[in-house]
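Accompanying notes for the structure given below.
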Amino acid sequence: MSPLAGIVTGTAVAPDGVSLAHQTGGRGEPLVLLSGQANSHHWWDGVRAGFEDAHRTITLDWRGTGASGKPDEPYTTRTLAADVVAVLDDLGVERAHVYGMSMGGRVAQWLAADHPGRVGSLVLGCTSPGGRHGVERDNTVRRALAQPDRDAAGRALAELMYTPRWLAAHPGPYHTTGDPGMPAHARRRHLAASNGHDAWDVLPAITAPTLVLHGTDDLMTPADNAPLLAERIPGARMILVAGARHAYFEEFQDYATPVVLDFLAGRMHA
């Protein structure tokens, strides 16, 4: 259960029978918040309250994380999008704004393409179209994350998420560096789902008003992915957060949260 006050928990069932834990809070127009790879709903703990005066926030524990089922079978970002629809159905929510980050942004692309009637507005944060068109992280980053010294790999991950100044002031633990209770098989399944993502061909069919957000100093998912998405999705807006790394939404929340709220409220003008 989330430690945040006022959060209501429940369980939906995916089309293939997997249990999906979900959490709601706040009031107003529904806003689905989709977490990054290998993370539960706790990804949003540091910023969730900032949305809840204007929105009823909806999160879920991805299959493989938190209180959701953890089957050892292939996951895809398209499967995970169907899981989000199952949660919306369980909550009786016909249409919601969607804010997806990292792998959650990959899932959000399929959600908007496959289920356009369910998505009011779309925010894609620090994510990629995937496939041969996506810009991959370089091998230096891959080696840092794969090093056998797990403490060193954990430090490398935190440094990809946050600036040195923020890390010095916030010693952790961090909400964005993975669900500590996630089994190894589910971590592998999440990695395969994220790496296998390719929504390039369907991006032009997205009809929801779209905002693309990205930190300029993001090496986990390089910022060059942001203009690819913004140019591929009709009418999309793009904002780059100067100096931010992968977890711009938390470290730079005093800027990023109002930007998202303004966009969702239709207050952002070209």
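The values are calculated or read from the model by the stated rules, or taken from the named source; none is laboratory data. Small disclaimer: the values here were computed from a predicted structure and weren't measured. Neighbour counts are summed over all protein chains in view; Cβ atoms, including those assigned to glycine, are modelled from backbone coordinates with ideal geometry. Side chains included, ligands, DNA and RNA excluded: accessible areas come from the protein's heavy atoms. Shrake-Rupley method; radii C 1.70, N 1.55, O 1.52, S 1.80 Å.
Taking each residue of the range 8-24 that is closer than 14 Å to residue 73 by Cα and looking for partners that are among the basic types (Lys, Arg) with beta-carbon atoms closer than 6 Å, six or more apart or interchain, yields 18/63. Exactly one residue out of 13, 47 is open to solvent by less than 20 Å² (accessible area, probe 1.4 Å) and in contact with a helix residue (DSSP H, G or I) (Cβ under 9 Å, 6 or more places away or on another chain), and it is 47.
Within the range 92-106, identify whether any single residue is touching a His at 6+ places or on another chain (Cβ under 6 Å) and in contact (Cβ under 8 Å) with a residue 12 or more places away in the chain, and answer yes or no.
Looking for residues that are touching a His at 6+ places or on another chain (Cβ under 6 Å) and in contact (Cβ under 8 Å) with a residue 12 or more places away in the chain, one finds at least one in the range 92-106, hence yes.
Here is a yes/no grid of residues against (1) modelled with pLDDT of 95 or more; (2) within 30 Å of residue 234 (Cα to Cα); (3) in contact with a Lys or Arg (Cβ under 9 Å, 6 or more places away or on another chain); (4) aromatic (Phe, Trp, Tyr):
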site: 33; (1), (2), (3), (4): yes, yes, yes, no
site: 40; (1), (2), (3), (4): yes, no, no, no
site: 46; (1), (2), (3), (4): yes, no, no, no
site: 51; (1), (2), (3), (4): yes, yes, no, yes
site: 64; (1), (2), (3), (4): yes, no, yes, no
site: 87; (1), (2), (3), (4): yes, yes, no, no
site: 90; (1), (2), (3), (4): yes, no, no, no
site: 101; (1), (2), (3), (4): yes, yes, no, no
site: 121; (1), (2), (3), (4): yes, yes, no, no
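Exactly one residue out of 214, 197, 175, 246 is modelled with pLDDT under 95, in contact with a helix residue (DSSP H, G or I) (Cβ under 8 Å, 6 or more places away or on another chain) and within 29 Å of residue 61 (Cβ to Cβ), and it is 175. How many residues are open to solvent by less than 10 Å² (accessible area, probe 1.4 Å), closer than 15 Å to residue 48 by Cα and more than 8 Å from the chain's Cα centre (by Cα) when one looks only at the range 90-105? Number of matching residues: 1. Residue 270 fulfils the conditions (1) out of contact with any helix residue (DSSP H, G or I) (no Cβ under 7 Å at 6 or more places or on another chain); (2) modelled with pLDDT of 95 or more; (3) among the hydrophobic types (A, V, I, L, M, F, W, C) except for a single criterion, (2). Among residues of the range 227-238 that are closer than 17 Å to residue 106 by Cβ, those with a beta-carbon under 9 Å from a residue that is of a type in the set (Ser, Thr, Tyr) and outside any strand (DSSP E or B) at least six positions away or on a different chain give the pairs 228/128; 229/127; 229/128.
Any idea which residue in the range 50-84 is least open to solvent (accessible area, probe 1.4 Å), counting only those that are outside any loop (DSSP other than H, G, I, E, B) and over 18 Å from residue 118 (Cβ atoms)? So, considering only residues that are outside any loop (DSSP other than H, G, I, E, B) and over 18 Å from residue 118 (Cβ atoms), the one least open to solvent (accessible area, probe 1.4 Å) is 51. Of the conditions (1) surrounded by fewer than 18 Cβ atoms within 10 Å (Cβ to Cβ); (2) more than 18 Å from residue 210 (Cα to Cα); (3) touching a residue at least 60 places away in the same chain (Cβ under 8 Å), residue 87 clears all except one; give me its number. Exception for residue 87: condition (1). Any residue at all in the range 136-157 that is open to solvent by less than 40 Å² (accessible area, probe 1.4 Å) and in contact with a Lys or Arg (Cβ under 7 Å, 6 or more places away or on another chain)? For the range 136-157, residues open to solvent by less than 40 Å² (accessible area, probe 1.4 Å) and in contact with a Lys or Arg (Cβ under 7 Å, 6 or more places away or on another chain): absent.
Only one entry in 203, 160, 213, 191 is open to solvent by 40 Å² or more (accessible area, probe 1.4 Å) and touching a residue at least 24 places away in the same chain (Cβ under 8 Å), namely 191. In the range 164-188, of all residues being over 22 Å from residue 67 (Cα atoms) and assigned to a loop (DSSP other than H, G, I, E, B), the one that is least open to solvent (accessible area, probe 1.4 Å) corresponds to 172. Here the helices (runs of 4 or more DSSP H) wholly within the range 222-270 that include at least 3 residues being surrounded by fewer than 17 Cβ atoms within 10 Å (Cβ to Cβ) are 253-264.
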